[in-house]
Amino acid sequence: MKAIEIERKFLVRNDSWRDCAGISHVLQQAYLSRDENSVRVRLIDDRSACLTIKFRTTGLAKDEYEYEIPVEEARDLLCHATGHVIEKTRYRVLHEGRNWDVDVFAGAYEGLTLAEIEMASEDDLPVLPQWLGREVTGNDRYSNRAMAAASRKPPLGAACGG
């Protein structure tokens, strides 16, 4: 299914978001290509899986195609990762009528927590929760694709909003 993804991403300064957290899912994801466009496989709660292809366009927008795939095929594809397999728990957090995704990383990125919000347009101005730290939208250091390819993780001090 084709969609246009427009999102902003932030470091998370503290755990007060947990008071509003809803459902969560454990994700394992890997990238199968390393150019400016990406092919990603994601295993969700070890029960479902998807293959996502993203193409960079202008500004914050990306063309995104996502397809459900069999779990066994996703497990096989994770073995073909170009770089690290990213491990995280994603929480859905409601704030001011909008859903935020808060990712608490494990594995190589344990200690890092990021929040992102999907927007209808680049002009969208969501109300920012107090638990957000510095915005890292467009900072490749915090893109999942770049983190999967990195030889080492970004310093965790940056995760405190400093």
Amide H partners (placed H, <5 Å) of ALA49, local residues excluded: ILE44, ILE69
Convert each backbone phi in the range 5-17 into a coupling constant with the Karplus relation 6.51 cos²θ - 1.76 cosθ + 1.60 (shift: θ = phi - 60°), then list the ³J(HN,Hα) values in order as whole Hz, x for Gly and Pro. 9, 10, 9, 10, 10, 9, 6, 10, 7, 7, 8, 5, 4
With the crude spin-label approximation of a point 7 Å out along Cα→Cβ, what separation in nm comes out for ARG56 versus LYS2? 2.1 nm
Probe radius 1.4 Å, ligands and nucleic acids ignored: give me the carbon and sulfur share of the accessible area of the chain as a rounded percent. 50 percent
In whole Hz, what ³J(HN,Hα) sequence does the range 106-119 give by Karplus (6.51, -1.76, 1.60; θ = phi - 60°), x for Gly and Pro? 10, x, 4, 10, 4, x, 9, 10, 10, 10, 9, 10, 8, 10
What do you reckon, how do CYS50, CYS20 stack up by accessible area (1.4 Å probe), largest on top? CYS20, CYS50
Principal axes of the range 1-132: Cα extent on each, largest first, Å: 40, 32, 22
accessible surface per residue for the range 9-162, probe 1.4 Å, DNA/RNA/ligands not counted, whole Å² -> 53 Å²
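The values are calculated or read from the model by the stated rules, or taken from the named source; none is laboratory data. Predicted model only: the values in this text are computed from it and were never measured. Note that we place each Cβ from the backbone using ideal geometry, even for glycine, and neighbour counts take in every protein chain shown. Note: accessible area is taken over every heavy atom of the protein model, side chains too, but ligands, DNA and RNA are not part of it. Shrake-Rupley method; radii C 1.70, N 1.55, O 1.52, S 1.80 Å.
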